[in-house]
1. If you line up the Cα atoms of region 113-230 on their principal axes, what length do they span on each, largest first, in Å?
2. Hey, any idea what the orientation-averaged projected area of the convex hull of the chain's Cα atoms comes to, in nm²?
3. Between Asn201 and Lys217, what is the spin-label point distance in nm, taking each point 7 Å from the Cα along the Cα→C-beta axis?
4. Checking the table Lys155/Lys226; Lys217/Lys266; Lys107/Lys217; Lys175/Lys197 against a 27 Å threshold on Cα-Cα, which pairs fail?
5. Going by how many other beta carbons lie within 10 Å of each one, how would you line up Thr232, Thr184, Thr36, Thr161, fewest first?
6. When the chain is fully extended, how far beyond the present Cα-Cα distance does Glu252 get from Phe268, taking 0.36 nm per residue of separation?
7. Assuming R0 = 22 Å, what is the FRET efficiency of Ser185 and Lys81, from their Cβ-Cβ distance, to the nearest 0.05?
8. Tell me the relative contact order for region 1-105 as a rounded percent, counting alpha carbon contacts under 8 Å between residues six or more apart.
Amino acid sequence: MSKSLFALFGNPVSHSKSPLMHNLAFRGLGIDACYTRYLLANGERLKEMFFALGLKGINITVPHKESAFNACDILDPFAQKIGVVNTIVEREGKLYGYNTDAPGFLKAISEFTEVKTVLFLGAGGTAQSTSRLLRDEGYEVTLLNRSQARLEKYKADGFETYTFEAFLSTDFSSKAYDLIINMTSAGLEDENLPAPKEILNVLMPLSKACVDVIYGKETPFLKLAKSYKKPTKDGSDMLLYQGIIAFEHFSEYRYTFNEIKPWMQKAFSLS
Ligand code: NDP
């Protein structure tokens, strides 16, 4: 049987750890497969390129997760509900779509056992899947975003939402959230906080923990949380766990999460 090929589709893709994570797991588990990266400029060509490259499965990153949803023949119920796909597997010529970002994130925050209320800073693509899964799991989710436009669909879906401006005009010192999450790209390539300091300086001391989805650096958000002596966590576990769950789909569920984990985890000790 020929080697199975997998890839990451996105634009850009050069920075991603996914090829290393998956190749380490293929090698460690003795699977004859290889994972590469493919810079896809036009999301509408996703399905065509998938078959042209002879792939067995892909992960999809920014900005093609909605195109990936549209390219699938069969969607799992959660992907269907949120409209965002980051993992595709080919079976008998049909494309099966999944979302592993949200369950990966849920698992990453499972160590914070006392959490009931969650404040999302940001309302972009990553928040779209994670906020819905957290709500399904019984968390009370509020979204705070810099501008109004992205909040509209959350509002329509019954979430409590605020722009910074609207939040500042409330008596927010009476609001407390157990977990505060930076779901923005603020701090990724700059030294910005994801929300005004006057808001964070009130909410952080009242929180139980603060989590950033950015990984590989200590963001200003995490630095501020540490100054309040809060438990913190960056986005590394989210990245690792979404990868493990994708690998479970790629390997047709022959390996458990805990069998895959030690191999994939090695990617974080290699630069
Ligand atoms: P999107 O581009 O879809 O959304 C960006 C969000 O960030 C918007 O809500 C935007 O607000 C907000 N934002 C951007 N800059 C600022 C700023 N300076 N101040 C305040 N708000 C800002 O991004 P994604 O949802 O795709 O990604 C969000 C983050 O998640 C990124 O940092 C990404 O690296 C990380 N990520 C991590 C993963 C992991 O495995 N750890 C997986 C996927 C993503 P507005 O609406 O006003 O523009």
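Taken together, the values in this text are just the output of simple stated rules run on the coordinates, not laboratory data. What you are looking at is a predicted structure, and each value in this text was computed from that prediction instead of being measured. FYI the Cβ positions are ideal-geometry reconstructions off the backbone, even for glycines, and counts take in every protein chain you see.
1. That gives 35, 31, 30 Å along the principal axes, largest extent first.
2. On the way: hull surface 58.1 nm².
One quarter of the hull surface, i.e. the mean projection, equals 14.5 nm².
3. Those two pseudo-labels are separated by 2.4 nm.
4. The answer is Lys155/Lys226.
5. Values: Thr232 18, Thr184 26, Thr36 15, Thr161 23.
Ordered from fewest to most neighbouring Cβ atoms within 10 Å, Thr232, Thr184, Thr36, Thr161 come out as Thr36, Thr232, Thr161, Thr184.
6. Once the chain is fully extended between Glu252 and Phe268, it gains 3.3 nm.
7. Details: r = 25 Å, r/R0 = 1.13.
Once rounded, the FRET efficiency stands at 0.35.
8. 26 percent
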